[in-house]
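Report on the following structure.
Only the coordinates and a few stated rules stand behind these numbers; no lab work does. Source: prediction; values computed, not measured. Here the Cβ positions follow ideal geometry from the backbone for every residue, glycine too, while neighbour counts run over all protein chains shown.
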Amino acid sequence: MGQDVMETFLEEKHRVLQRTLRAFCDREITPVAGNVDKEARFPWEVQEKMARLGHFGIQVPKDLGGAGMDTVSYITVIEEISRACAGLGLCVTVHNSVAVYPIMAFGTDAQKKKWVPPLARGEKIGAFCLTEPNAGSDASALESTAIRDGDDYIVNANKVFVTNGAIADICLMFVRTDPAAGRRGISVIVVERGTKGFTVGDVEDLSGMRANPVSSIRLYDCRVPAANLLGREGEGLSIGLTALDTGRIGIAAQAAGIAMAALEEAVKYAKQRHQFGVPIAKHQAIQMMLADMATQVDAARLLIYRAAVQKDRGDAFTQASAMAKLYASEIASQVTDMAVQIHGGYGFSKSYPVERFYRDARVTRIYEGTSEVHRMVIARGVLGG
Ligand SMILES: Cc1cc2nc3c(=O)[nH]c(=O)nc-3n(C[C@H](O)[C@H](O)[C@H](O)COP(=O)(O)OP(=O)(O)OC[C@H]3O[C@@H](n4cnc5c(N)ncnc54)[C@H](O)[C@@H]3O)c2cc1C
């Protein structure tokens with residue numbers, strides 16, 4: 001493998017983080033990744049060790065129990081975890097970017113003090129509950145409701161495809177508080193597992209990301225204190241979209257991590273597999289694929305890095321994060337497909353990890369906004385709309 005493209009850009013603290021993390025992931029996560037995929041099991045034994053390293057509060061200040069790191073560190077963590085186990089990478093990126101971050105950005109001091117420390121220490125897991133059976137790409141069509149009753153809300157919700165759904169303790173629920181107000185009638189209410197009426201549905205039997213217990217969550221007449229409202233009534237959609245800007249940097253890093261792993265495996269295999277009397281790496285057709293894969297991986301990582309730096313500088317980063325997510329997710333599918341091709345028939349067998357990478361990569365083009373939705377966002381920016 002050539003020089004890591006990020007060598008040119010990362011500060012020493014990021015390089016140290018990357019080295020330490022890679023050693024941790026190679027030792028603790030890679031050995032269990034195949035099995036947790038097969039068994040569709042969340043690896044709690046690894047989660048605890050990751051929590052001790054601060055992976056559940058990456059950008060949370062230390063006084064609230066977090067690691068106090070920047071966005072460049074965040075993408076480094078997500079890339080490295082996803083390079084080892086994408087389902088676990090999904091847990092960490094969703095928890096940090098669309099569960100913890102919105103509480104940090106929009107919560108009151110009391111809300112931050114109550115929810116952030118246990119989330120940041122990894123003692124509690126967060127979830128982001130926007131999607132519903134009739135509201136996917138068009139989130140504004142959501143039908144879940146929260147009706148004010150004295151000092152409480154009575155919440156009825158039907159949420160599907162919730163990442164971390166079956167293990168989540170603290171859920172950001174997007175609900176309609178004013179049914180007559182359209183997009184401006186949506187709010188975010190934090191609902192804790194254990195509240196009466198909170199039920200978790202079956203875990204989805206997914207094609208990839210099988211280590212993550214993605215499930216539906218239903219709330220039946222859940223009585224939730226009005227103090228659990230995040231931001232103001234009617235701000236829900238704007239809070240959600242702000243969170244997704246950050247979330248998309250994480251999904252892009254996840255896709256890049258999967259593609260990095262696929263490229264490494266393809267290089268290794270191409271050097272050891274012999275056909276026609278030479279390692280297949282000597283065949284130009286294989287070299288062309290490896291060249292394309294390496295170039296795509298580097299280009300994706302540079303786009304992700306740009307988005308992270310823009311966020312760290314406090315600049316607008318919606319366009320950069322949409323481009324990073326679109327490109328990284330699209331090339332992750334292409335790179336993992338080429339990795340399977342380089343493995344020939346063995347790439348289609350579960351005995352080799354590229355088969356898992358190929359399945360895991362696919363969904364990165366769908367969640368936190370499909371590629372089509374991202375093209376719409378980017379085009380809007382290009383057209384100045
Ligand atoms: C593993 C997994 C985990 C997930 N985790 C979460 C989570 O934690 N929280 C959460 O809230 N959601 C989550 N989701 C849901 C995910 O965000 C949605 O699946 C996604 O937003 C797409 O919505 P949809 O599936 O309803 O597809 P639809 O919106 O029905 O889209 C179907 C197709 O139509 C296209 N399309 C739709 N509208 C347009 C348009 N205007 N122009 C062009 N094309 C269009 C789409 O791009 C897509 O190709 C998860 C999904 C999966 C699979």
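Round to the nearest 0.05 the FRET efficiency obtained for V16 and E48 when R0 = 30 Å and r is the Cβ-Cβ distance. Don't skip to the answer; put the middle values down first.
Working: r = 23 Å, r/R0 = 0.76.
Efficiency at R0 = 30 Å is approximately 0.85.
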Problem - Where labels lie 7 Å past Cα in the beta-carbon direction, separation of R41 and D292 in nm - result: 3.8
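Once a ≥ b ≥ c are taken as the square roots of the eigenvalues of the Cα gyration tensor of region 1-129, is the result rounded (a/c under 1.5), prolate (a/b larger than b/c) or oblate (a/b not larger than b/c)? Please report the intermediate quantities before stating the final value.
Numbers: a/c = 2.12, a/b = 1.26, b/c = 1.68.
Taking the square roots of the gyration eigenvalues as a ≥ b ≥ c, region 1-129 is oblate.
At 0.36 nm per residue, and after removing the present C-alpha to C-alpha distance, how many nm does the segment from E192 to K350 gain when stretched out fully?
On the way: separation 158, 0.36 × 158 = 56.88 nm, distance 3.79 nm.
Net length gain for the segment: 53.1 nm.
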Exercise for the section: Evaluate E = 1/(1 + (r/R0)^6) for V200 and A379, where r is the Cβ-Cβ distance and R0 equals 30 Å; express this FRET efficiency to the nearest 0.05. Expected result: 0.20
Exercise for the section: Counting only C-alpha contacts under 8 Å and six or more residues apart, can you give the relative contact order of region 130-211 as a whole percent? Expected result: 24
Practice task
Work out from phi, with θ = phi - 60° and the Karplus expression 6.51 cos²θ - 1.76 cosθ + 1.60, the ³J(HN,Hα) of each residue of region 267-277, listed in order in whole Hz, and give x for Gly and Pro.
Solution key: 4, 4, 5, 4, 7, 9, 7, 9, 9, 6, x
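Can you sort M260, M209, M288 from fewest to most other Cβ atoms within 10 Å of each residue's own Cβ?
Values: M260 25, M209 28, M288 11.
If I rank by nearby Cβ atoms, fewest first, I get M288, M260, M209.
Which of R193, R176, R248, R15 has the fewest other C-beta atoms within 10 Å, and how do the rest follow up to the most? Let's see the in-between values first.
Details: R193 17, R176 21, R248 31, R15 14.
Final ranking by Cβ density, sparse to dense: R15, R193, R176, R248.
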Fill in the blank from the handout: Note: probe point = Cα of R223 + 7 Å toward Cβ; backbone nitrogen < 16 Å; residues of region 144-181 passing the test are 147-156
Practice task
Between the alpha-carbon centers of region 9-44 and region 58-109, tell me the distance in whole angstrom.
Solution key: 15
Problem - Cα→Cβ-extended label distance, 7 Å offset, between Q3 and A299, nm - result: 2.1
Exercise for the section: Enter the angle in degrees (range 0 to 90, nearest 10) between the Cα long axis of helix 284-313 and the first principal axis of the Cα atoms of the chain, meaning the one along which they spread out most. Expected result: 30
Practice task
Once you have the Cα-Cα distance between R148 and E372, take 0.36 nm times their residue separation minus that, and quote the gain in nm to one decimal.
Solution key: 77.0 nm
Problem - Per-residue Cβ neighbour rank within 10 angstrom, fewest leading, M293, M173 - result: M293, M173
Practice task
Run through the DSSP bridge list for the chain and note the antiparallel percent, rounded to the nearest 5.
Solution key: 85
Exercise for the section: State, as an integer percentage, the relative contact order of the chain based on alpha-carbon contacts under 8 Å between residues 6 or more apart. Expected result: 17
Completion exercise
Dividing the mean separation of Cα pairs under 8 Å (6+ apart) by the residue count of region 174-272 yields a relative contact order in percent of 30
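How long are the semi-axes of the equivalent ellipsoid of region 310-385, defined as square roots of 5 times the Cα gyration tensor eigenvalues? Whole Å, largest first. Don't skip to the end; give the middle numbers.
Numbers: eigenvalues 206, 30, 17 Å².
Equivalent ellipsoid of region 310-385: 32, 12, 9 Å, largest first.
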Handout entry: When the convex hull of its Cα atoms is projected in every direction, mean area for the chain (nm²)
Key = 19.0
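In this model, which of K268/K325; K13/K124; K124/K311; K13/K268; K13/K49; K49/K268 are farther than 23 Å apart at the alpha-carbon? Please list the in-between numbers first.
Details: K268/K325 27 Å; K13/K124 28 Å; K124/K311 26 Å; K13/K268 29 Å; K13/K49 21 Å; K49/K268 29 Å.
The answer is K268/K325; K13/K124; K124/K311; K13/K268; K49/K268.
Is it possible to state the helix-based mean residue ellipticity at 222 nm for the chain, with each DSSP H run of 4+ residues giving -39500 (n - 2.57), the sum divided by total residues, to the nearest 500 deg cm²/dmol? What is it?
Working: 12 runs with 186 residues, N = 385.
After summing the helix terms and dividing by residue count, I get -16000 deg cm²/dmol.
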Exercise for the section: Tell me the label-point distance for the pair Q275, S207, using the 7 Å Cα-to-Cβ offset, in nm and rounded to one decimal. Expected result: 2.5
Exercise for the section: Give the longest segment of the chain that steers clear of chymotrypsin sites (Phe, Trp or Tyr not before Pro) in DSSP loops with at most 16 neighbouring Cβ atoms within 10 Å, not counting the sites themselves. Expected result: 10-275
Fill in the blank from the handout: The farthest towards the positive end of the charge dipole of the chain, of the residues A253, I280, S349, given +1 on Cβ of Lys and Arg and -1 on Cβ of Asp and Glu, is I280
